[in-house]
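Read-outs: derived from the displayed coordinates by stated rules, not from any lab. Quick caveat: nothing in here was measured; it's all calculated off a predicted structure. Cβ coordinates were reconstructed from backbone atoms using ideal geometry, including for glycine residues, and neighbour counts include every protein chain displayed.
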Amino acid sequence: MNLTNNSPVLIPLLFLSTGIMTPVLAMKKEWLARWIALGASAASVALSIFNLIRVINVGKPIHYKLGNWNPSLGIEYVLDHLSAFVILVINAIAFLVLIYAKKSIESELPGKEVPYYASVLLMLCGFNGMMITGDLFNLYVFLEICSLTLYGLIAVGEKKSSMAAFTYLIMGTIAGCFYLLGVGFLYIKTGSLNMADVRAILPFMLDQPAVVIGLCFMTLGLGIKMALFPLHGWLPDAYTYAPSVSSALIAPTGTKVASYVLIRIFYFVFGITFVSKTLPVADIISWLAVVGIIYGSIMAIAQKELKRMLAYSTVAQVGYIGLGIGLANPFGLIGAVLHILNHAVMKACLFLVSGNFRLKLGHSNIFKLDNTIRKKMPWTMAAFTIAALSMVGLPPMAGFFSKWYLALGTIEKGNWLFLAAILVSTLLNAVYFFRILEKVYMKPIDSQSSNTHEQGTYHDHSVKENEETVKRDEVSPSMLFPTLTLAAALVVLGILNAIIVDGVIKYIIPKGL
Amino acid sequence: MKYVNYLILVVFAGLMIAASDNLPNRGDANAPANREISPAGSKGAAYYYIQNSKTDSNTDNMVTVILADWRGYDTLGEETVILTAGLICYLLLRKRRKTDDTKR
Amino acid sequence: MHWQLEIVFFIVLITTAFIALDVKNLLVAVVTLSVFSFISALLYIVMGAVDVGFTEAVVGGGVSGILFIVLIFKTSRRSSD
Amino acid sequence: MTRKDNNPIVSLLSRIVSPFIMLFALYVIFHGHYSPGGGFQGGTMLAAAVLLIRLAAGREISQLQFKKSWGTPVGSVGVFIYFFTGFLALLMGGNYLDYSFLPLGLEAPVTRGWGILSIEIGVGLAVMGILVAIYDDLLEGEPND
Amino acid sequence: MTDYIIGHYAYWFTFILMMIGFYGMTMKKNLVKKLIGMNIFQVSIIIFYVSTAVKWGGTVPVLDLNISIADTSKYINPLQHCLMLTAIVVGVATTGVAFALSISIFKRYKTLDEAVLIERMIKDNESDK
Amino acid sequence: MTIPETYTSIIPLLTVLVSLAAVPLILLSSKHENLREFWTIIASFIKFGLVVIFLLPNALENKSAVINIVDIFPGVALALKADQFGVFFALISSGLWILTSFYSIGYVRGAHEHKQTRYFASFAICLSATMGIAFSANLLTFIVFYEILTIATYPLVIHKETKEAIYGGRKYLVYTLTAGILLIAASAWIYKLTGTLDFKAGGMFGESVLTPQRAVILFILFLGGVGVKAGIMPLHSWLPTAMVAPTPVSALLHAVAVVKSGVFGVIRVVGFVFGPAIMSQFGLNNILLAVAGFTIIVASFIALRQDNLKRLLAYSTVGHLSYIVLGAALLTPAGFTGGMLHIAFHATMKITLFFAAGAIYVNLHRENISQLNGIGRIMPWTMGAFTVSAIGLAGIPPINGFVSKWYLGMGAVQSGQIIPLAILVLSGLLNAAYFFPIIYTVFFRKGEKLEGLGEAPAIMVVPIVVTALLSVLLGIYPDLFFNFFKLASSIAASIVGVK
């Protein structure tokens, strides 16, 4: 067995084997499930790093033939800069969230650890399979694996979660079927299912309605999966009512993987001329994304539940990615890929914070937050602050730089409306995050008498006593560690983004862009 | 609103039927999917499958060979899908153990 | 292969699909759906997809139907539309 | 399903029919190389045979044939057989799922044929186990909190 | 013209069937009906794939010693069949999960009718306040 | 004019990091007040020392210390460059930080402010960001520190946590964040047009890639970006609202950090992004002149009608900031010199005034001018300093305000425009018109309820007197400290000289 040669296939297999065996191995010893999941996840991170380094060293895509059949006959795995990078992002985030999961699952889902962890592992298997595969139909299969697990992981939440999951299931099935239909059209026209092969054949049949329809269907399907603006209907409910760990796992990863697949389909299957010249699919995507950015931000302002707010903000942020994809120029693409990374980290951090709230306060209602939390959970709030600033897009946090690339992309494209949308959404983001920061870091306004500000020594004694009686009640280190790691990562990623762009993302830009 | 939905459906179906005009005739043995060599020079998968099921895998049923060997990984995924469905039902519906059982 | 047969099956399929979606009694709907699945299995076989037809007959007419009936048994039998 | 008063005729008939269905299912699995059919169809029929008893004989008695708690493990083992067949090839130095590397000592096409049989058995087991498990879980309903 | 119709009518029927399924999925209020629509949708996609695999005069894709494999037009394209086997399984799995979800919904809200469900969920929201 | 040289040095980075390093120390020693404030003071001295000892001599010889910290964008590094202008600004802000630190310690203790740790920590971050702004070598670095400054000032603005404070904070955020995004848009566009973001004396547009339309839009974007912090008239309204902050914060906002980084930005944009040539080619200087002139006059008139002392000072600040903008808009060496001198001189004067206002507030809890009758007799030192600065702001010799105004006037003459000159004269009169009544009230009206009250604590009075003394000395001999004048004229020459 040659580890180097087989490394592309090992990550999905790792998750697959552990996922299928967890129900058997952990049948009698339930605590084992968590350790299996953690071990598999840690190993996957190591393997992802290994893969990324290998890709960077080799410098060109690594093809792995499953069953040793040549690509147009069998299925192949393609490990290039893009897939290796996104795989590392997703696995690392999942690993951190899994470290976090223990207490949260124990309190929210007692007695369901075994199937829960098994589902999580299978979900990760699905994600990794989707990201690394070079075959259109194989992608569908793995898409369905992770969709099914997502329905389940969402549905174990609070009372309304099952309905949210059902809605998601209906939408998700439509998405899957549309994707399948698109693949069908493509297969009939080209006679191949391999992405690279299709890419090679398609220039012989530009402008054919069937191919265009195929592209439309695939885009629609993936648009639903990534919650692109008018197709985002399932997302807010699903993310709100899911258990904390599920939201923290799904929100950073689910939509990102779908966006990744959209990038693949657009740039590596259809090619840029097809997507932006033959039919303005890219333009349509970017327009929708812009509307989504504004809509998501405004809806986020209107929410009173933290998780729901974050869910709508996800809609907006997915809009950024969609915009970057739709711009169809190098800066836009870099921005999109960088935002996949940044948004994954930010959202994971924020959802973990909301999970901390749920565990310690029993709710995550924005209007019930007050300045006692700052004393109770100072570290959690520090993480929240950093993530919020990053979401707003303030330098030197990571969020700024993806916006910067996107802004460059829009200018390159010459569309001022897009630029304005990106910038306005910054302000809207600021509105909904500073609202919370104000609540947490300041005295409640209602408790002040109207004339206290007249004097220098106005201390409101009741408030002060209240603040002093509040005991430190931070979550356990196993939960704090991932939260803070993600928050710190935001600063580090922001400062080091050029290294990431220069080292990895620059190479993903396909020729002719 | 309801009529708009119906309208969308009809338009949708109409579009697809219009697009189907561009699809090759059914049953055409020379359709792109049945070619030996694609325009880009790669092997046509279906053509190869039909000819080589016996020589490659000593099996008569081509579908079985595709399912289990040439595109075996899809089938592994498919099995995983159904296992996932089982697990989700387990996760959602099966009775929880008593809490003092888990704390052992 | 036998396109006349196919057309007949298609028409039956569309009819059963309509009925399955239209009846208010869910049990009837599910039974109609089983018929739908079975006819579609026949259609696959007519089109030469023997394996697919076999699977669809086993799954759609068998297991899927049983599961549907379990669902209705566990929930309610009436539908408002 | 959950009925207690079994009709003896139904019960008897189903008990007679069920083994035959199983036999046919096994035939379908093992004969998948030469005729339509294979692991999935066979597995579904195996499940159907088990479900027939479940339907006819009621919950308690049917446990004697196939225990409720077996479903998921059998499914897991089934998928694992598939996974392991591929993985064995990888361990022996080939690519994943390259059955010709299986340590059978036969020439490549024949080895592949055996590999296919192995995974068909896995698929059959998996599908049977899971479908039965889904049925059981659905019938159980959501637990009370 | 006849060739064209014979070559395309299956697509038309399929698309109509697909729209029926889509209609059931999106516009029916009862959840079970939605699932029935989902099944129809999936079946129609399978029909689409299978109907594209057809070759006039071809036989089923099982090796027959009387028919030479040198001429591939004698055998129906087996690839779509294989894909659709997978799709059927995926469909069953999805349906299974959907059933579990429906049972869970019914347990919580005692109804499977979407309008009533939404009503009860809103009532829940108000009682939370 | 000597050719600018560069050398690599870590000193600019250190100056930024010194106060940043103080932040964790301040946070950790939150329980021990003296230790905490010790950190603040030590950091401020180290910072000032670094600037004076290491950077100033080289800057005088027109050598710039450069350091590339890390690439934050392919081809664009997070880079610091201590050129003459940067050193000039850094000198002012770090020098005044020392005074402000001493003063704030007295103030917050005197006023028993809450959350003092947060206050000092934010203060330190602010200064760090200001240093970064002063030394940023390119637009992206500039934006980074600009936004950090925005965020770090926010806790200071809302420090009191009253309704007004929160409202003021929100307004502040909306304005500055909007400015930030305009700046981002403008920079992105610049990058698209020129392929670089590095500041360059005389403008970064090599071959002219601008069309008149583009130039105007781009300039307006930039003006919106830096103009908000510089308090240019339609964008100034956050400034008076932010007056609810504690007085040292107001001093910081107005004299040291925030608005001065705004006008610093304006000069950077005019001199180092567009350059005089392009400015005059597309008539952009006229836009700037109009805006600045309008702001000077209107702000002075509004100031006339204020009763709240701090609000009056705020509007006075708005007006005086536009002096600097006006100086830049003249595009003449004397104009730039005057503008830059005014950055320094206005800082010394305005900081005195705010300190005095703060001292009055801490001592007497009075904020309105009408309540100040006769307090000059009980607080002679404070009000004496106040008077000196007020006279200076009106442009009367021998206070330093006269010097900068003189150069502005000369610049106007050089450019051959009459209107700027008229504006300067008129605004001088208006300044006198709103300051002299206060002086009269304070010294010659009879006060009430002043028995038993004395001068403010010494730790507050000393900085006031020191800054006032500085103003006088600088007025008599502008090159007294650190060759301010020489630096300013050298910078002006480098901007205007390089075509």
Distance cut-off 19 Å, percentage of C-alpha pairs in the stretch C:23-74 lying past it: 29
Antiparallel versus total DSSP beta bridges in the stretch F:5-497: what percent is that, nearest 5? 70
Please list, in chain and number order, the residues 5+ apart from E:Thr59 or on another chain whose amide H is under 5 Å from its amide H, with Hs placed from the backbone. E:Tyr75, E:Ile76
Need the C-alpha centroid separation for the stretch A:345-371 versus the stretch A:226-286, integer Å. 26
Going Cα to Cα from A:Lys277, which lysines come in below 19 Å? Please leave out same-chain ones fewer than 8 positions away. A:Lys413, A:Lys511
Chain A, helix-only ellipticity at 222 nm - DSSP H runs n ≥ 4, -39,500 (n - 2.57), divided by all residues, nearest 500: -25000 deg cm²/dmol
Once you keep just the Cα pairs under 8 angstrom separated by 6 or more residues, what percentage relative contact order results for chain B? 9
From the gyration tensor of the Cα coordinates in chain B, what semi-axes in whole Å does the equivalent ellipsoid have, largest first, with each one equal to sqrt(5λ)? 41, 32, 10
List the trypsin sites (Lys or Arg not before Pro) in the stretch F:253-319 that DSSP assigns to loop (not H, G, I, E or B) and whose Cβ has at most 14 other Cβ atoms within 10 Å. Which are they? F:Arg305
How many times 2.2 N^0.38 Å is the alpha carbon radius of gyration of the stretch A:182-259? 1.42
Quick check: the angle from helix A:244-263's long axis to the longest principal axis of chain A, C-alpha only, nearest 10 degrees? 30
Neighbour-limited loop hits for trypsin sites (Lys or Arg not before Pro), the stretch A:304-351 (at most 13 other Cβ within 10 Å; DSSP other than H, G, I, E, B): A:Lys304
Write down the Kirkwood hydrodynamic radius of chain D, to one decimal in angstroms, obtained as one divided by the mean of 1/r over all alpha carbon pairs. 16.6
Pairs of Cα atoms under 8 Å, at least six residues apart: use those to get the relative contact order of chain F, whole percent. 15
Taking a temperature of 4 °C and a viscosity of 1.567 mPa s, what whole-number D in µm²/s does Stokes-Einstein yield for the stretch A:35-87 with Rh from Kirkwood over alpha carbon pairs? 106
Just to confirm my numbers, what's the Cα centroid distance between the stretch A:151-165 and the stretch E:16-48 in Å? 23
Against the longest alpha carbon principal axis of chain A, how many degrees, from 0 to 90 and to the nearest 10, is the axis of helix A:3-25 turned? 60
Calculated SAXS-style log₁₀ I(q)/I(0) at q = 0.09, 0.13 Å⁻¹ - chain A, Debye, Cα scatterers: -0.60, -1.25
Looking only at the protein assembly as shown, where both bridge partners belong to it, what percent of the DSSP beta bridges are antiparallel (to the nearest 5)? 80
The long-range amide H neighbours of F:Asn368, using H built 1.01 Å from N in the peptide plane and a cut-off of under 5 Å, are F:Leu309
Compare E:Ala70, E:Ala53, E:Ala100 in a GNM of chain E, Cα atoms joined below 10 Å, and give the one with the largest fluctuation. E:Ala70
Per residue of A:434-442, other chain Cβ atoms within 10 Å number on average 4
In square nanometres, what is the average projected area of the Cα convex hull of the stretch F:340-387? 3.4
Cross-link reach from A:Lys189 to aspartates and glutamates, straight Cα distance under 17 Å and at least 8 residues apart if same chain, gives A:Asp135, A:Asp197, A:Asp207, B:Asp21, B:Asp28, B:Glu36
Give me the one-decimal Kirkwood hydrodynamic radius in Å for chain E, with the sum taken over alpha-carbon pairs. 17.8
How large is ³J(HN,Hα), in whole Hz, for each residue of the stretch B:42-55 in order, when computed from phi with the Karplus curve 6.51 cos²θ - 1.76 cosθ + 1.60 and θ = phi - 60°, using x for Gly and Pro? 8, 5, x, 5, 4, 4, 5, 4, 4, 7, 10, 5, 6, 5
Report relative contact order for the stretch C:23-74 in percent, whole number only (criteria: Cα-Cα under 8 Å, sequence separation at least 6). 40
Gaussian network model of chain B, Cα within-10 Å springs - most flexible of B:Tyr48, B:Tyr73, B:Tyr90: B:Tyr90
Helix F:419-444 axis, angle to chain F major axis (alpha carbon atoms, nearest 10°): 20
Over the Cα atoms of chain F, how large are the radius of gyration and the largest Cα-Cα distance (Dmax), in Å? 21.1, 70
Using only the Cα atoms of the protein assembly as shown, construct the convex hull and provide its projected area averaged over every direction, in square nanometres to one decimal. 56.2
What is the sum of charges, Lys and Arg at +1 and Asp and Glu at -1, for the other residues whose Cβ falls under 12 Å from the Cβ of C:Val30? +2
The stretch A:479-499 versus the stretch D:1-64: alpha-carbon centroid distance in Å: 56
Taking only Cα atoms of the stretch F:371-412, the Rg to Rh ratio with Kirkwood Rh works out at 1.20
Between C:Val59, C:Val70, C:Val23, find the one with the highest GNM mean-square fluctuation for chain C; connect C-alpha pairs within less than 10 Å. C:Val70
